[in-house]
Structure formats: C-alpha cells, structure tokens
C-alpha cells in the first residue's frame with residue numbers, strides 16, 4: 001500500500017512537471033503628473049479607491065523617486081532602464097534613439113520574448129519607431145482641450161472674468177488657471193477612451209501572455225474632470241503648505257536655477273489663497289478621475305480571471321509641485337517633483353509598505369526578472385525582487401535625480417539618502433542646496449553653507465560624482 005502511494009505521488013509530480021506553466025502577464029500603468037496624492041500614501045483629501053485597493057494587495061514603495069521630473073526624459077529613463085546621463089534626453093522633443101540607437105526598450109524586451117505587447121495612451125512621450133508592438137493606440141488629447149475651452153467660456157458667461165480667454169492669434173485658447181469641473185459625461189474624456197482601448201486589448205489577449213503599458217493623461221493639465229469628481233472633494237479639508245504665502249515665499253537663500261517660472265497654472269500672477277485651494281482641489285479631482293479609469297481596467301483584469309497571473313505596476317512619470325515654494329508645476333529637484341508613487345502587485349507578493357529608497361530606473365529589471373526574462377546588459381537599474389520578497393529591506397543607500405533648469409539652462413543633480421537631499425546646479429557654480437528631511441521635510445532651510453555641514457556636503461558631492469562617472473560610461477556593467 002505504501003509503495004503504491006509513493007508511486008502515485010511521483011506519477012502526479014511527473015505529470016504536473018510536464019504541464020507548461022504560463023508565463024506571467026504584465027500590466028504597466030503610468031499616470032501622467034501623478035504625485036503621492038493618494039489615499040494609500042496618507043493624503044486625507046484624496047478619493048483614489050482603486051489605486052488604494054491595488055496597493056492593499058501589493059507592495060507600496062513609500063520612497064520611490066523619478067530620475068527626471070519631466071515627461072519625456074523620465075519615460076525614456078524607465079523605459080530603457082538607463083539614467084538620463086546615459087539616455088542623453090533632457091527635453092520634450094529628443095528621441096531616446098538619438099543617444100541609444102540600438103537600446104532594447106522595456107516593451108521590446110517582452111515582445112522579443114514572444115509576448116503580445118502593446119502601448120495605449122501616453123507611454124512614450126516621443127514616439128519610438130523601433131519599438132514595434134502588436135497594439136499601438138495613441139490618446140485623443142483634443143477631447144479634454146475642447147472640454148476645458150467650454151468650461152472656461154461657461155465661467156466667463158457666469159461673470160468670472162479672472163481667466164481671460166486669450167485666443168487672438170492662437171489656434172487654441174490659453175488660460176491663467178487651466179482647471180475646472182465639466183458637465184460632460186465620462187465617455188467624452190480622454191482617459192475614458194484610453195481605458196476602453198485597454199479593456200478591449202485585455203479581452204483580445206486573455207488567452208496569451210501579454211505585456212500591456214497603459215498611460216493615462218490626467219492629472220496632467222488641464223485639470224478637468226466630470227463635475228461629480230470635483231463635488232466629491234471636501235474643500236474644507238484641503239490644506240496648503242504651512243508656509244504658503246500669497247506673495248510668494250522668501251527664497252533668497254535658494255539658487256535661482258532651483259525656482260522655475262510658473263507657467264503651468266498661474267502664468268499671469270501668483271495664486272492667492274482661494275486660487276491655491278481651487279487649484280489643489282482641481283488636481284485632486286483630476287487624480288480621482290484618473291483613478292476611476294484605472295479602476296475600470298483593473299476590474300476587467302479581475303473579471304477575466306487574469307489577476308492571479310498578472311504583474312501590475314502603477315506609477316506616475318514624476319511628481320508635481322502643488323504650491324510648495326510658490327510653485328505649481330514639475331521640473332524642479334525638490335521633493336514634490338521627484339517623489340513618485342510606485343505600487344507593485346504580483347502573484348506570490350505579500351501586501352506591504354516598503355520604506356526603502358528605490359528609483360524608477362529599477363522598474364525595467366524588476367519586470368523582466370519577475371517574468372523570468374533576461375535583462376539586457378544596457379540596463380543600469382537594479383531589480384526590486386529582493387525587496388519585494390522582504391519589504392523591510394533598506395533599499396538603495398542613495399537615489400539620484402537630474403534636471404535642466406528651465407530659465408538658467410543649468411544642469412542640476414540631486415542625491416538623496418534616507419534623511420538628506422543634496423542638490424547642485426552647474427557642478428556647484430550655479431548654487432547648491434542641502435536639506436535635512438528629518439527636521440525640515442518642506443525643504444525651506446538650505447544648510448549647504450553651514451560650517452557644521454561641510455563634511456556631509458563633501459560626502460554627498462563625492463557620491464554624486466561617482467554616480468555620474470559610473471552611469472555615463474560607454475559600456476555600463478551588466479546587472
């Protein structure tokens with residue numbers, strides 16, 4: 001009898017081993033200009049139940065950082081796994097192929113491995129002709145621009161003339177405050193169309209291994225969404241930075257390169273308190289709207305019983321300043337611009353919050369590693385698999401971000417530890433900054449010229465110099 005049971009066990013083991021194991025799918029969700037204004041990151045005003053639910057079943061990285069707080073450079077970085085100094089992309093128009101003509105992008109890696117691969121909405125900022133996928137569906141961006149125009153004209157008709165509609169000599173209207181609620185139904189918005197296209201792709205590919213990148217547009221400006229999403233935000237709960245000043249903060253000790261002109265939301269004048277609350281509410285409403293469309297895609301994934309075998313990664317392409325230092329934009333090296341949400345939910349990964357430092361450049365090797373694919377030697381990031389297995393791990397000792405100042409054209413770099421951030425512009429010639437996040441999380445007090453910080457400043461500079469030398473090498477080491 002015992003011999004028969006042993007024989008049956010090995011027979012079952014043999015037949016099980018003979019059955020092919022389906023490779024995991026990947027759903028990579030990128031939400032444009034999304035900072036950590038999510039309920040799961042502690043935002044008390046946020047209405048983001050779908051992203052919060054994803055975080056509840058995955059690992060939420062509390063200290064994830066972009067490598068460049070601008071759409072094109074950031075996306076080129078995490079879609080190649082290379083730092084900006086390697087991609088040589090620092091603006092909105094340069095193709096990643098200019099500096100890396102033969103690099104294998106993240107979608108390409110999965111396509112080359114036999115996956116059905118696609119990108120829907122805004123994934124690459126500048127189209128990459130060498131990344132040929134099975135599905136490539138762009139976003140109908142004009143939808144929300146038309147809705148914004150109607151929203152602003154409606155405001156004017158009701159007597160709100162604070163945002164002049166300046167259309168003379170321009171094809172499109174330009175506004176000082178490009179935000180507001182709309183009476184349009186959900187189906188009229190860009191992100192609804194993106195979600196529909198993603199849902200259709202999931203339906204078509206449900207029986208095949210797939211890599212699907214989906215890029216939602218909001219909360220990128222204009223901050224427009226169906227009125228219900230504005231009404232759901234409790235205005236009385238919106239809190240501005242404690243140091244907010246209507247005339248702007250006293251930033252005399254901050255290098256000029258660090259403070260970009262406000263041309264995203266308040267181009268004509270600095271925001272007063274009411275306008276600042278209005279803008280913050282509109283951003284939260286737009287993020288909530290994007291969350292609802294992320295939820296539609298995740299619901300379809302579950303409905304098709306694909307959730308059990310799909311790696312889901314959600315992130316923003318960079319952060320966003322929401323009034324800090326009087327700034328309403330990205331393109332800075334402050335915490336608000338560089339800190340991003342990053343959530344990874346995958347089969348076998350236990351829910352957790354990770355406090356360790358990580359970078360978006362790590363997404364590429366993490367996905368190829370989890371899927372069992374070879375990671376190209378060009379990739380400079382490090383896989384997050386060990387920290388996904390043990391989220392109590394420390395993560396990286398330091399993380400790095402890069403920025404080209406919009407007005408001085410100085411190149412800036414930052415290096416952050418778990419407590420301090422050091423920033424330098426034009427190799428220090430354009431100024432430098434040092435902040436202690438333990439005592440100064442709002443980055444108000446620049447310690448760079450304090451004598452008692454001289455040793456720390458030198459250590460941070462040495463770390464930054466070593467990093468820049470490493471990532472600009474012609475042949476970066478294999479990971």
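Residue-level analysis places residue 265 among those that are more than 26 Å from residue 49 (Cβ to Cβ), surrounded by 17 or more Cβ atoms within 10 Å (Cβ to Cβ) and either without any contact (Cβ under 8 Å) to a residue 24 or more places away in the chain or in contact with a strand residue (DSSP E or B) (Cβ under 8 Å, 6 or more places away or on another chain) (or both). Can you find even one residue in region 310-325 that is under 21 Å from residue 33 (Cβ atoms) and free of Cβ contacts under 8 Å to residues at least 60 places away in the same chain? Yes, there is a match, as at least one residue in region 310-325 is under 21 Å from residue 33 (Cβ atoms) and free of Cβ contacts under 8 Å to residues at least 60 places away in the same chain.
Scanning region 421-450 for residues that are within 22 Å of the chain's Cα centre (by Cα) and crowded, with 18+ Cβ neighbours inside 10 Å yields 421, 422, 423, 443. Being surrounded by fewer than 21 Cβ atoms within 10 Å (Cβ to Cβ) and in contact with a helix residue (DSSP H, G or I) (Cβ under 9 Å, 6 or more places away or on another chain) is the filter here; which residues of region 203-225 pass it? Correct list: 203, 209. Once region 144-159 is narrowed to residues that are touching a strand residue (DSSP E or B) at 6+ places or on another chain (Cβ under 8 Å) and modelled with pLDDT of 85 or more, the residue that is surrounded by the fewest Cβ atoms within 10 Å (Cβ to Cβ) is 150. The residue that is farthest from the chain's Cα centre (by Cα), among those in region 343-356 that are closer than 9 Å to residue 59 by Cβ and assigned to a strand (DSSP E or B), is 352. You will find that of 317, 291, the residue that is crowded, with 17+ Cβ neighbours inside 10 Å, within 30 Å of residue 425 (Cα to Cα) and in contact with a helix residue (DSSP H, G or I) (Cβ under 9 Å, 6 or more places away or on another chain) is 317 and no other. The residue list 87, 48 contains one member that is surrounded by 23 or more Cβ atoms within 10 Å (Cβ to Cβ), without any contact (Cβ under 8 Å) to a residue 60 or more places away in the chain and either in contact with a strand residue (DSSP E or B) (Cβ under 7 Å, 6 or more places away or on another chain) or at negative phi (or both), which is 87.
The values are calculated or read from the model by the stated rules, or taken from the named source; none is laboratory data. Note that the structure is a prediction, hence the values are computed from the model and not measured. Glycine also receives a Cβ, built like all others from the backbone with ideal geometry; neighbour counts cover every protein chain displayed.
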